[in-house]
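Below: one structure, written as structure tokens.
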Amino acid sequence: MAQEDSHTTQQQSPHTQASGQGGDTVQKVKDKLSIIEVVTPYVKLTRAGKYMKGLSPFTKEKTPSFFVNAERGSYYCFSTGQGGDMFTFVQKMEGVDFMGSLKLLAEKAGVEITTDRVSAKDRGRTDRLREAMSQATQFYSSALAAKKEDVNSGVAASGAAAHTYAIDRGLTEETIASWSLGFAPDTWRALLEDLQGKGFTNAELTAAGLIKEADGRPGTWYDRFRNRLMFPIRDIAGRTVAFTGRALSKDDQAKYLNSPETELFHKSEVLFGMDRAKDAIRTRGFAILVEGQFDLLLLHQIGFQNTIALSGTALSHQHLSSIKRYAENLMLCLDADKAGLAASAKNAEAALRAGMRVKAVRLPAGKDPADLASAPGGAKDFAKRVADAQTIVEFFLSVLTASEKDQLRLVMAAEKTVMPLIAAIQSPLEREHFVGVTARALGLTSEAVRAAVPQDPNGRASTGGLNHGASHTGISSGAGNTADPFGRNKTTPANVLSSVTATSVRRGDFLLALAETYADNPLAETLKSEYSRIIGAVPSEPISERALFEAGLAYGEPPTDSEIADLIRVFARAVLTERLKVATDELRRAELQGDSEAIKTSAAVCKEINAKLSALH
């Protein structure tokens with residue numbers, strides 16, 4: 001089982017945030033939709049007592065650990081230790097922030113997100129740009145399919161040539177259709193005139209990156225993409241935000257042409273194919289990163305649906321954040337030429353600094369992923385290469401040792417390429433491991449390699465990602481200090497009875513969760529009252545989703561009076577046992593210090609606790 005989830009207080013703040021940007025939109029969405037409606041497109045649910053259950057959408061598993069409570073409108077995944085409401089679920093599944101989940105669910109529920117006048121105006125402009133991109137996608141797709149409609153037209157002839165090119169590259173009809181590939185006709189104003197006829201202005205089409213104004217000829221506009229095979233680039237929600245056009249004429253200087261940066265498209269944020277790959281990345285636990293659209297489409301065709309591609313830029317912080325929503329592991333599959341290896345090193349360093357684990361797929365010289373995927377037996381060959389993928393440090397050591405026979409030049413090349421990668425690794429233990437790997441590969445001492453690892457401005461190698469702060473339970477680990485989860489730190493013998501540690505906290509949470517689960521039953525007040533008597537007060541913080549689901553799964557029906565008595569007795573014994581340990585430790589410290597007053601006080605506390613424990617038997 002995964003570690004404890006955080007309390008639901010962490011899930012409340014985005015809803016509060018929405019109140020200033022959508023009034024009661026959140027509640028309206030919840031009134032219109034049930035969490036079952038939201039979850040079922042992603043998870044096949046079956047009845048499990050008062051809950052619904054299914055296989056976790058966040059990890060691979062054979063036994064269902066994902067539960068949904070329709071009455072409370074919440075879910076919890078025991079495999080990954082995460083839970084929440086419908087908004088949290090959409091955030092996790094779609095990789096959006098809270099406002100993104102609110103918009104998606106509001107659209108599903110048919111609820112309008114209320115905003116002020118300025119925001120409404122901006123939203124109207126954004127919606128127009130989105131509609132323009134949608135219409136452009138349909139236009140290009142229709143132009144590619146025109147070969148089937150009118151073989152006598154020029155557009156149809158060009159569309160047929162574009163279609164033939166796509167098929168010759170190994171794409172299937174199904175891939176062409178499902179990815180909405182298209183064709184930009186070899187004319188100056190085909191798209192412009194089509195969209196003008198649908199009511200779009202030149203200003204809107206320019207803002208969407210679809211048309212350009214002629215240099216030196218103000219007021220003259222023409223299509224940005226001409227005579228190109230078109231690949232729609234979509235955001236995480238599957239909406240077209242840009243295009244990549246592959247030139248069909250050998251005379252065209254730019255083989256690939258991308259949309260410019262627009263209000264909808266920021267190339268440092270969007271990864272081609274992420275909308276289609278995110279579920280596979282989540283379930284397989286890693287993403288495969290390639291350079292081009294054909295690489296991606298052909299790998300998806302042979303079963304590697306966890307493949308994503310860059311769109312004419314290096315891997316950015318935003319790209320990495322997007323990938324890390326679904327997996328912590330990245331596999332680079334870039335060209336094996338000099339430029340491809342340089343890009344791999346740069347992208348790998350960025351990913352390592354973001355705390356990811358990085359491997360690389362070894363490709364044959366002169367081949368790219370598309371070549372392998374489209375060759376006979378491509379699926380089996382590529383699967384083996386993925387299975388044999390090396391960690392990025394070992395990958396570059398292999399590449400360098402194979403290409404550089406002079407030992408001194410090999411060491412210099414490794415210092416330039418491999419050492420920055422080691423420095424970027426966030427785990428100190430992993431970093432030290434790869435220092436040893438590199439030393440053995442180069443025939444050097446670990447001390448020499450360690451000394452060559454680049455230093456940060458503070459004179460240290462890249463610091464590790466270990467968290468030395470409080471544990472996930474929220475309990476302090478300070479020396480000589482005992483803490484409970486409610487923030488009451490006690491350090492003196494007189495206050496030791498208020499000390500509670502994690503074991504009894506779990507049992508206490510279970511009691512309170514049981515009380516909340518059966519809130520309309522008289523037993524709820526009994527549980528709260530007894531909790532208060534044993535601990536001192538009922539905490540104000542909401543109970544964790546994990547505890548609530550555990551309570552509901554443990555008792556299909558309200559527990560009997562005898563079962564309640566047993567639960568309370570077990571809880572009281574756990575609390576007293578832990579308090580006795582603390583009191584005993586205090587007594588030993590007092591004896592070592594020779595503090596007679598502290599010895600007397602601690603001894604009295606131990607005696608009192610022992611008496612209470614005896615009364616429980």
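Any read-out appearing in this document is the output of simple, stated calculations on the displayed coordinates, not a laboratory observation. Note that the structure is predicted; figures quoted are calculated from it, not measured. Here the Cβ is made from the backbone with ideal geometry for all residues, glycine too, and neighbour counts use every protein chain on show.
Sequence-distant or interchain residues sharing an amide H contact under 5 Å with Gln82, placed H: which?
Cys77
Take peptides 99-110, 227-238 and line them up by average Cβ neighbours within 10 Å, highest first, as a rough protection proxy.
227-238, 99-110
Need the C-alpha centroid separation for the stretch 162-225 versus the stretch 552-617, integer Å.
75
Compute the distance from the alpha-carbon center of the stretch 82-112 to that of the stretch 520-539, in whole Å.
35
Could you go through the stretch 79-90 in sequence order and give the Karplus-derived ³J(HN,Hα) for each residue, using 6.51 cos²θ - 1.76 cosθ + 1.60 with θ = phi - 60°, rounded to whole Hz, and x for Gly and Pro?
5, 10, x, 10, x, x, 10, 5, 5, 4, 4, 5
With a sphere of radius 14 Å drawn around the Cβ of Ala519, what net charge do the other residues whose Cβ falls strictly inside it have (Lys, Arg +1; Asp, Glu -1)? Write out the running numbers ahead of the final one.
Details: positive: Lys50, Arg72, Lys528; negative: Glu71, Glu516, Asp520, Glu525.
Around Ala519, the charge tally is -1.
What are the trypsin sites (Lys or Arg not before Pro) within the stretch 364-411 that DSSP puts in a loop, where the Cβ has at most 10 other Cβ atoms within 10 Å? Don't jump to the answer; show the numbers that get you there.
Numbers: sites: Lys367, Lys380, Lys384, Arg385, Lys405, Arg409; in loops: Lys367, Lys405.
Here the sparse-neighbourhood loop sites are Lys405.
Using the structure shown, list the pairs from Lys108/Lys384; Lys250/Lys324; Lys267/Lys359; Lys267/Lys338; Lys50/Lys528; Lys103/Lys346 with a Cα-Cα distance above 31 Å, or answer none.
Checking Cα-Cα distances, Lys108/Lys384; Lys250/Lys324; Lys103/Lys346 exceed 31 Å.
Among Val605, Thr584, Ala572, flag the residue with its Cα farthest along the positive direction of the charge dipole of the stretch 570-617, charges on Cβ as +1 for Lys/Arg and -1 for Asp/Glu.
The one lying farthest along the dipole's positive direction is Ala572.
For the charge dipole of the stretch 284-348, defined by +1 on Lys and Arg C-beta atoms and -1 on Asp and Glu C-beta atoms about the Cα centroid, which residue among Cys333, Ala287, His300 has the Cα displaced farthest towards the positive pole?
Checking the options against the dipole of the stretch 284-348, the answer is Ala287.
Can you tell me which of 77-89, 538-550, 438-450 comes out highest on packing, and rank the rest after it, using the mean Cβ neighbours within 10 Å?
Put in order of decreasing packing, that is 77-89, 538-550, 438-450.
Mind ranking 586-599, 169-182, 308-321 by how tightly packed they are, going by the mean number of other C-beta atoms within 10 angstrom, highest first?
The densest-packed peptide leads the list: 308-321, 169-182, 586-599.
Tell me which residues come under 5 Å, amide H to amide H, from Thr187 once H is placed; ignore anything under 5 positions away on its chain.
Asn227
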